[in-house]
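Asker: Attaching a single structure in structure tokens format; questions to follow.
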Amino acid sequence: MPETTKPPKTLILANPRGFCAGVDRAIQIVERALDLHGAPVYVRHEIVHNRQVVSALEEKGAVFVDELDEVPDGVPVIFSAHGVPKSVPANAEARGLNWLDATCPLVSKVHIEAARHHEQGRHILLIGHAGHPEVIGTIGQVPDGAISLIETVADASTFTAPRHQPLAYVTQTTLSVDDTAEIIAVLRDRFADIAAPHKEDICYATTNRQAAVKQIAPQVGCMLVIGAANSSNSQRLVDVARVSGTPHADLIEGPEQIVWSHLENADKIGLTAGASAPEEMVTSVIAALQRQFALEIIEAGGGPENVHFKLPRQLRNG
């Protein structure tokens, strides 16, 4: 298509977007383990929720499995960034497996909080989404029945507290900031003495990416969010964009999933990426848009993030 015939569009690119420090660390753990031990290195569950990332690591020799009983003896195994129940490393120890934990340190913080509350005799309310690996991992830090899952404001409004037991709450790290604040407000209104985290559980990356989308979404006719369907933080970016007023908010894994009809009447298009989506996908989506439109690209949102997490001691150089 000749440049002169392309309709003009403005692309507002969210900053920050894409990989967070926890995802970057998890990928580095798999790559460093492959360098150190050679292929294969086994990984329990997707290391992060992104098929492109998983496929790239598979090409380097990573083998992804659902459970430890699929891991042969004598090979390294890595636990995903979402965290695992306590039973998983215990089972790995019992088998003598060489295991590495790629759990995001901010998820580990929630695990430590849950364990501390349980030790202090509190019943724990976990605000999160049923079935998400992070929720399963957090529930698995304490004995059965010690945690009640709260998914919605309605759950918070109808929860029946155990008699004569103090309460505490923790949250999944990838939730909608605003939705979670509503749930917490209900819990605090109902249970004045409920113990809260010392520092917000929703992670910096989730908060920052949602803030950028809130700024951009009201300006654009369509907000494109790059991320996997099973990525909680990416799904929440779509939710935030819709609530913030954009006519269309689409979750896409790559350029082949762009709904071009949603862009026809959009003079301005927003683009962001979930915390497990690589920047290469952003580049490929921009290239696809440039083939169709005369694109002016501007950035909006906050500044760059400068958060880094150390690798496990076994993998550090020197």
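Asker: Val225: of a type in the set (A, V, I, L, M), out of contact with any Leu (no Cβ under 9 Å at 6 or more places or on another chain), more than 18 Å from Glu134 (Cα to Cα) and modelled with pLDDT of 95 or more, yes or no?
Answerer: Answer is no for this residue.
Asker: Going through region 41-52 one residue at a time, which ones are crowded, with 24+ Cβ neighbours inside 10 Å and in a helix (DSSP H, G or I)?
Answerer: none
Asker: Considering region 25-40 alone, what residues qualify as being surrounded by 19 or more Cβ atoms within 10 Å (Cβ to Cβ), within 21 Å of the chain's Cα centre (by Cα) and touching a residue at least 40 places away in the same chain (Cβ under 8 Å)?
Answerer: Arg25, Ala26, Ile29, Val30
Asker: From the list Gly245, Gly274, Gly221, Gly301, pick out the single residue that is buried (at least 23 other Cβ atoms within 10 Å of the Cβ) and either under 15 Å from the mean Cα position of the chain (by Cα) or among the small types (Gly, Ala, Ser) (or both).
Answerer: Gly274
Asker: Still on this structure: Regarding Leu237, is this residue surrounded by 17 or more Cβ atoms within 10 Å (Cβ to Cβ) and under 17 Å from Lys9 (Cβ atoms)? Break it down into steps so the answer makes sense when it comes.
Answerer: Working: surrounded by 17 or more Cβ atoms within 10 Å (Cβ to Cβ): yes; under 17 Å from Lys9 (Cβ atoms): no.
It is false that Leu237 is surrounded by 17 or more Cβ atoms within 10 Å (Cβ to Cβ) and under 17 Å from Lys9 (Cβ atoms).
Asker: Okay, moving on. Among all residue pairs at least 6 apart or on different chains, which show Cβ distances below 7 Å where the first residue, located in region 232-244, is assigned by TED's automatic domain parsing to the domain that holds Gln172 and over 19 Å from Gly128 (Cα atoms) and the second is surrounded by 24 or more Cβ atoms within 10 Å (Cβ to Cβ) and among the hydroxyl-bearing types (Ser, Thr, Tyr)?
Answerer: none
Asker: Only residues in region 83-105 that are farther than 28 Å from Ile202 by Cβ and touching a residue at least 24 places away in the same chain (Cβ under 8 Å) count as the first member; pair them with residues that are assigned to a helix (DSSP H, G or I) and aliphatic (A, V, I, L, M), Cβ under 8 angstrom, at least 6 apart or cross-chain, and list the lot.
Answerer: Ala92/Leu68; Arg95/Leu68; Leu97/Leu68
Asker: Mind checking which residues of region 281-298 are closer than 22 Å to Asn50 by Cβ and loosely packed, with under 14 Cβ neighbours inside 10 Å?
Answerer: Answer for region 281-298, where residues must be closer than 22 Å to Asn50 by Cβ and loosely packed, with under 14 Cβ neighbours inside 10 Å: Thr283, Ala287.
Asker: Now for a separate question. Of the residues Ala161, Ala181, Ala192, Ala168, only one is without any contact (Cβ under 8 Å) to a residue 40 or more places away in the chain, among the small types (Gly, Ala, Ser) and closer than 24 Å to Thr207 by Cα; which?
Answerer: None of the others qualify; the one that does is Ala181.
The values are calculated or read from the model by the stated rules, or taken from the named source; none is laboratory data. For clarity, every value in this text was computed on a predicted model and none was experimentally measured. Heads up, the Cβs are rebuilt from the backbone with ideal geometry, glycines too, and the neighbour counts pull from every protein chain shown.
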